[in-house]
Amino acid sequence: MPDSTTDTPAVSTNTGFLSAISQKQRGVSIELDGVSKVYPGQPEAAVDDFSMRIEPGELVMFVGPSGCGKTTTMKMINRIIEPSNGSIRIDGTDILSMDPNQLRRHIGYVIQQIGLFPHLTIAENIGVVPKLLGWSKSRIADRVDELLQTVQLDPEQFAKRYPKQLSGGQQQRAGVARALAADPPVMLMDEPFGATDPITREKLQAEFLRLQADIGKTIIFVTHDFDEAIKLGDRIAVLSDRSQIEQFDTPARILANPANEYVSSFIGQGAALKRLALIPLIDAPLRPAVDGAPQITLQDSLRDALNMLVLTGAAAVNVVDVDHRVCGSITNASISAVLNDAQPVAFAAEGTR
Amino acid sequence: MSIVTETEVSLVDDLKAVPDGSGRRRYGRLARIAAAPVVVGFVLLATYLWIASMQLDSIEKRTLNADYLFARISEHLVLTVAASALVAILAIPAGIAVYRSRSKVVHTVAFGLANIGQATPAVGVVILLAIVWQTGFATALVALVAYSFLPVLRNTLIGLEQVDAGVKEAARGMGMTYSQVLRRIELPLASPVILAGLRTALVFCVSVATIATFINAGGLGDMIVNGLKLQRFPVLFVGAILVAAIAVLIDWIAGLVEEFVKPRGL
């Protein structure tokens, strides 16, 4: 009975759209308009009148405390949870009238529990959606190899293994590879790195950023870790109860100008330091070089520069480019100056992302 | 059942790919696997030698000969296997239906009935059915199915319920339909628990099939009852030993099958 839904006429009218968006592997826009979710028997809505537009190729972080409705909001986009009200459009097309199973095959989905199928090999796990989409065996095999390499798992070594033979970090990479299998333009990620240890998480985050720079998907990424949001997000939506948007902006602007008390409390201590981490030395005004000062590269952030100043006790550090040519120096005073009138600089930094 | 068979096929291929554990572990496993048939073989041999050394009277001779024994054993096995197969055909889909309905009422009714089936003494069921319906094989079959329905129903439900919620959500999130999730994910992952239920049912059937004799459905119960009635201890003893041996061996075979068809990677 549930199988029959895939054959309903409504689907065939949408396959055109779905194949159209799957051509756009570089990401498509997502619009949520007045979306609500009310569970029967509960007086308060879990998500109340949520509206947002996400640009193609943007990585948007939903941050908020547990139970604020951020996951519910995300899961309405692939209709794991059906909205009670409102409309959701992907690339301008309403998805609520589509067959949910067809829709989900074109949206990557990564969850905290990873959910690799324990009785299938890693290669079979990654091949699930392509198989559902009716790809040929050889095309699936090629894609699996390519993806394993993308997430830095050696196909020779890992393709034939079962999930339980992998470490947590390796499993999460396989999970990401599986979500990318059919090259969906949209990815939904629900605390994907939440269950890994701090070192693995840091590594996975860095890899994920590199990957996103390559693939440019439209990604909604749910986390309760504000530092993760700053590190990964193009824009961050800080959410409170019933998934109310307290602020929706770039990490730099949220750090510099928190909209209200709630957002400030979420940022926590050390907002200035977090801002420094977002500003690369390339965007900081440099002073003339100082002889014998410790060196730092142009790709590092102001936070790294400050770190070196504190560690070495030097008055200034020299900034060098990739060819080890000294470009100038930076001091405590110049870092403060950047922070104090830094808004334009920080914006410029954001603009280049 | 067809679903489980599907997994079996792919699993057989996979078995070759992954090498076994250390030598010592394999040794221990071999000992565990060989233990049951060795013990049964020893007991059967001892029984045979004991009977062979005895002077049998004409009544005992009528029972303790190869033709008679094989006939009873095959009746017993046919009854057991037929009942277990029926239970598999009925109870596994029933378990799936209960799981899928997610309704308290359906759950309560199904388990209520299965509980009654198992709680009611099988002798009572057999005799009642014989009175209101008929004697013979069919009646014995119904009684056995009623008696061994519960473990399979219960294990099917538990097996499906214990599949990790993250795995189920990932499957749904990837765009599998409900029946694809069931066939490709839930049933293969539940299969070890379902098979364990079937194994229990098989062993139940072997022991309960002895009462088929009361309604003229044959089996090794004939020997036990005759041995008691005619006070021929060797007949009673051989009947009992054979039932026990069959139960142990069937459990052993089912264990091997379980081991063999268990999905790789679990």
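The values are calculated or read from the model by the stated rules, or taken from the named source; none is laboratory data. As the structure is a prediction and not an experimental result, all values here were calculated from the model. Note that each Cβ is placed from the backbone with ideal geometry, even for glycine, and that neighbours are counted across all protein chains shown. With ligands, DNA and RNA removed, areas are computed over all heavy atoms of the protein, side chains included. Shrake-Rupley method; radii C 1.70, N 1.55, O 1.52, S 1.80 Å.
Just a few scattered comments:
- Screening chain B for whole DSSP H helices of 27 Å or more along their axis (Cα) with average Kyte-Doolittle hydropathy at least 0.5 returns B:23-52, B:66-101, B:137-161, B:187-208, B:233-261.
- Note on A:ASP291 and B:GLN231: their simple-model spin labels are 12.4 nm apart, each label 7 Å out from Cα toward Cβ.
- Computed on protein heavy atoms with a 1.4 Å probe, the accessible areas place B:ASP67, A:ASP249, A:ASP33 in the order B:ASP67, A:ASP33, A:ASP249, largest first.
- Summing Cβ point charges (Lys, Arg +1; Asp, Glu -1) relative to the Cα centre of the protein assembly as shown gives a dipole of roughly 1820 debye.
- Base-10 log of normalised Debye intensity for the stretch A:144-220 (one unit scatterer per alpha-carbon) at q = 0.16 Å⁻¹: -0.57
- By the Kirkwood approach, averaging reciprocal distances over each pair of separate Cα atoms, the stretch A:214-341 gets a hydrodynamic radius of 16.1 Å.
- Accessible-area composition of the stretch B:56-97, carbon plus sulfur, in percent [1.4 Å probe]: 73
- Angle between chain A longest axis and helix A:198-215 axis [Cα atoms, degrees, rounded to 10]: 70
- Here, the stretch A:118-248 is characterised by an Rg to Rh ratio of 1.00, where Rg is the alpha-carbon radius of gyration and Rh the Kirkwood radius.
- Rg [Å, one decimal], Dmax [Å, integer] - the stretch B:2-261, C-alpha atoms: 21.8, 74
- The largest-to-smallest principal axis extents of the Cα set in the stretch A:218-262 are 26, 25, 18 Å.
- Between A:THR71, A:THR297, A:THR312, the GNM of chain A built on Cα springs shorter than 10 angstrom shows A:THR312 fluctuating the most.
- Ligands, DNA and RNA aside, B:LYS61 has an accessible area near 130 Å² when probed at 1.4 Å.
- Cα long-axis angle, helix A:9-23 against chain A (0 to 90 degrees, to the nearest 10): 30
- Per residue accessible area in Å² of chain B, where ligands, DNA and RNA are left out and the probe is 1.4 Å: 51
- Accessible area of the stretch A:273-351 belonging to carbon and sulfur atoms, whole % at 1.4 Å probe: 56
- Percent of C-alpha pairs per 10 Å bin in the stretch B:105-190, short distances first: 16, 31, 24, 17, 10, 2.
- Compactness of the protein assembly as shown is given as radius of gyration and Dmax, 33.9, 119 Å, from Cα positions.
- For the stretch B:138-257, the extents of the C-alpha atoms along the principal axes are 68, 28, 15 Å, listed from largest to smallest.
- Evaluated with a Cβ-only charge set (Lys, Arg +1; Asp, Glu -1), the stretch B:2-261 carries a dipole of roughly 360 debye about its Cα centre, given to the nearest 20.
- Estimated buried accessible area (total), pair A and B, 1.4 Å, Å² to nearest 100: 2300
- Legend: residues A:ILE245, B:ILE211, sorted from most to least accessible area (1.4 Å probe; ligands, DNA and RNA excluded), read A:ILE245, B:ILE211.
- For the protein assembly as shown, share of DSSP beta bridges that run antiparallel, in % to the nearest 5: 50
- In order along the stretch A:279-293, the phi-based Karplus estimate (6.51 cos²θ - 1.76 cosθ + 1.60, θ = phi - 60°) of 3J(HN,Hα) comes to 9, x, 4, 3, 8, 9, x, 9, 9, x, 5, 10, 5, x, 6 Hz; Gly and Pro are listed as x.
- When the Cα positions of A:ALA272, A:THR71, A:ALA337 are compared along the charge dipole of the protein assembly as shown, A:THR71 comes out farthest toward the positive end, with charges on each C-beta of Lys, Arg, Asp and Glu.
- Reduced Cα scattering model of chain A, Debye log10 I(q)/I(0), q = 0.06, 0.10 Å⁻¹: -0.26, -0.69
- The rule of thumb for compact globular proteins, 2.2 N^0.38 Å, goes into the C-alpha radius of gyration of the stretch A:273-351 0.99 times.
- Dipole check for chain A: with +1 at the C-beta of Lys and Arg, -1 at the C-beta of Asp and Glu, and the Cα centre as origin, the magnitude is about 620 Debye.
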